[in-house]
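All of the numbers you see were taken from the coordinates with simple rules; none came from a lab. Owing to the predicted nature of the structure, the values given are computational and were not obtained by experimental measurement. With ideal geometry, Cβ positions are generated from the backbone for all residues, glycine too; neighbour counts draw on all protein chains shown.
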Amino acid sequence: MTKGEDLAMKKRFSEEQVAFTLQRQAVTGIPENTHLIKRKIIKFINQICKNLLPQSYYSRIKLIYYTLQSNNYDLSKDLEHNENLFKKFNFDIEKIKQKLNSLNFSYHDDWLSWHYHLFIGLKDYFEDKKINILEIGTASGTFTNFISKVYDDHQITTISLDENEIPLTEFGGDEERKRKFLELRNKNLNRKNINFVKSNSIHIKKYFYGKKFDLIWVDGDHLNPQVTIDIVNSLDLLNNDGIICTDDVIMDIEREKNTYISNEGFLTLKHFGDNKILKNEYLIKRISKSNSITKKHVSISTFENNSKFIVN
Ligand SMILES: C[S@@+](CC[C@H](N)C(=O)[O-])C[C@H]1O[C@@H](n2cnc3c(N)ncnc32)[C@H](O)[C@@H]1O
């Protein structure tokens, strides 16, 4: 590499870091330097407490810290962020509120994830087109049932692991809970416009060979390698003017993953964005005080050349 190339690469890298920092700052509303210093101090104190205190004291202090932190959390900024995004998408917020009410959900329920609000808002984008929706990760089918009502004239395919492959954690290894879970899932999926596929999503490209979807909800495994495989395969199955959304997006690049969440899906979306393949936007998942502890997002992406989905 010549000196000029090396300098150009360093410049591009630092521009990307600045752009990313600004993007995160816009979402969190916290100046980036303050955010980083605060984080380092908290990490340091946490490590000291963890090493010096007995486990029971450490857990209690952690709980007190989380309670204090969430009590001071300003929810109005998060709501403003989501509503500004909906306005950018030209969504009719009153219509979203009414539709949620009609289906026994509430717009301001702090436990309701905003993918419910989002999927109602997206309906107008498809106008009169009969669309095909794909959901990766069914769980109990509650959301599948919801979209089958919002998109009642459209076809929904949902794919999830066979019950014998579902990690035990989903029912705590309890047979009675498993029976109730399957009963609920069967009830939720028992609608004429739902097609349930029991399979590992690793097979979707083969399974849906030759088929295209207009709206894809990626909500299966949230860790690599599968989350990246799901995003990449979904892009191959998406129509040119389609929309792909993903759940539980952690935008914090320093956040360590656990067995359920990671920032790996976000880094994949960002990579597609940086390479001008996708345009990405991020909703805050819940308008809830629990956000002060782990901030989760829901992503909304279109192909870069999609001129139909206008973002003002
Ligand atoms: C977060 S839940 C889905 C929630 C649901 N989509 C909703 O919106 O409420 C994730 C589901 O994906 C399933 N899952 C995890 N890994 C999978 C894989 N590789 N293939 C298919 N399903 C998977 C899990 O068993 C679980 O039921």
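Just to be sure I understand the curve: with the Debye formula and one point per C-alpha of the chain, what is log10 I(q)/I(0) at q = 0.11, 0.14, 0.16 Å⁻¹? For the chain, the Cα-only Debye profile gives -0.78, -1.23, -1.51.
What aspartates and glutamates does residue 198 reach when the alpha-carbon gap must be under 19 Å and sequence neighbours fewer than 8 apart in one chain are set aside? Once the sequence-local aspartates and glutamates are set aside, what remains near residue 198 is 135, 162, 163, 165, 170, 183, 219, 221, 230. One quarter of the surface of the convex hull around the alpha-carbon atoms of the stretch 52-160 equals 10.1 nm², the direction-averaged projected area. Does the stretch 87-149 come out rounded, prolate or oblate, given a ≥ b ≥ c as the square roots of the eigenvalues of its C-alpha gyration tensor, rounded meaning a/c under 1.5 and, failing that, prolate meaning a/b above b/c? Verdict is oblate for the stretch 87-149.
Under the shape rule built on the C-alpha gyration tensor, where the axes satisfy a ≥ b ≥ c, the stretch 181-238 is oblate, since a/c reaches at least 1.5 while a/b does not exceed b/c.
For the chain, modelled as a GNM with alpha-carbon contacts under 10 angstrom, which of 79, 122, 103 fluctuates the most? In the Gaussian network model the winner is 103.
Given R₀ = 41 Å, FRET efficiency for residue 72-residue 180 by Cβ-Cβ distance, to 0.05? About 0.60, to the nearest 0.05. Listed by number, the DSSP H helices of the chain that run 18 Å or longer by alpha-carbon position along their axis and have mean Kyte hydropathy of at least -0.5 are 32-52.
Against the empirical 2.2 N^0.38 Å (N residues), the stretch 142-252 has a Cα radius of gyration ratio of 1.12. Checked against a 21 Å cut-off, the cross-linked pairs 97/187; 43/257; 95/279; 149/295 give Cα-Cα distances beyond that limit for 97/187; 95/279; 149/295.
With a sphere of radius 13 Å drawn around the Cβ of residue 224, what net charge do the other residues whose Cβ falls strictly inside it have (Lys, Arg +1; Asp, Glu -1)? Taking every other residue near residue 224 into account, the sum is -2. Excluding residue 109 itself, what net charge comes from residues whose Cβ is under 12 Å from its Cβ, given Lys and Arg +1 and Asp and Glu -1? Residues near residue 109 contribute +1 overall. Mean separation of Cα pairs under 8 Å and 6 or more residues apart, divided by the residue count, gives the chain a relative contact order of 18 percent. Please list, or write none, the aspartates and glutamates whose alpha carbon is within less than 17 Å of the alpha carbon of residue 129, excluding same-chain residues fewer than 8 places away. Leaving aside aspartates and glutamates fewer than 8 places away in the same chain, those within reach of residue 129 are 152, 153, 214, 241. Gyration tensor analysis over the Cα atoms of the stretch 168-312 returns equivalent ellipsoid semi-axes of 27, 22, 15 Å (largest first, whole Å).
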